[in-house]
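The values are calculated or read from the model by the stated rules, or taken from the named source; none is laboratory data. The structure displayed is predicted, hence computed values, not measured ones. In this analysis, Cβ positions are derived from the backbone assuming ideal geometry, glycine residues included, and neighbour counts consider all displayed protein chains.
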Ligand SMILES: [Zn+2]
């Protein structure tokens, strides 16, 4: 992989990881202090309750996405250490450098990623019936 250096990648990945952990910490303390709830208005009417519940759902969902990204970043760091970075988890082909520049923690090549997303979407629609 020509254009990106390993040491650069490690710092990109670690920065990204710290950034995500930071957001998680802030959100966690907001959650504990109840600011997530208060920021949506703390009226006693029924309408307000459902709004604040919805906001909590959203922040829990965002937390899940962040957690998945952290797992990916850890995997990418592990692969870097093992010298397997940039190799697709699924098919073993090299991942396009342009893709790695845009998504330094990508574990799959674009083809496999698209395939997996299609499968997940199929799963989701199957589950909803
Ligand atoms: Zn692949």
Extreme residue, farthest from residue 13 (Cα to Cα), among residues of region 86-108 that are in contact with a helix residue (DSSP H, G or I) (Cβ under 7 Å, 6 or more places away or on another chain) and within 8 Å of the ligand (Cβ to nearest atom): 91
Scope region 100-119; condition in a helix (DSSP H, G or I) and more than 16 Å from the chain's Cα centre (by Cα); matching residues: 101, 110, 111, 112, 114, 115, 118, 119
Meets criteria (at pLDDT 90 or above and surrounded by 14 or more Cβ atoms within 10 Å (Cβ to Cβ)) for residue 98: no
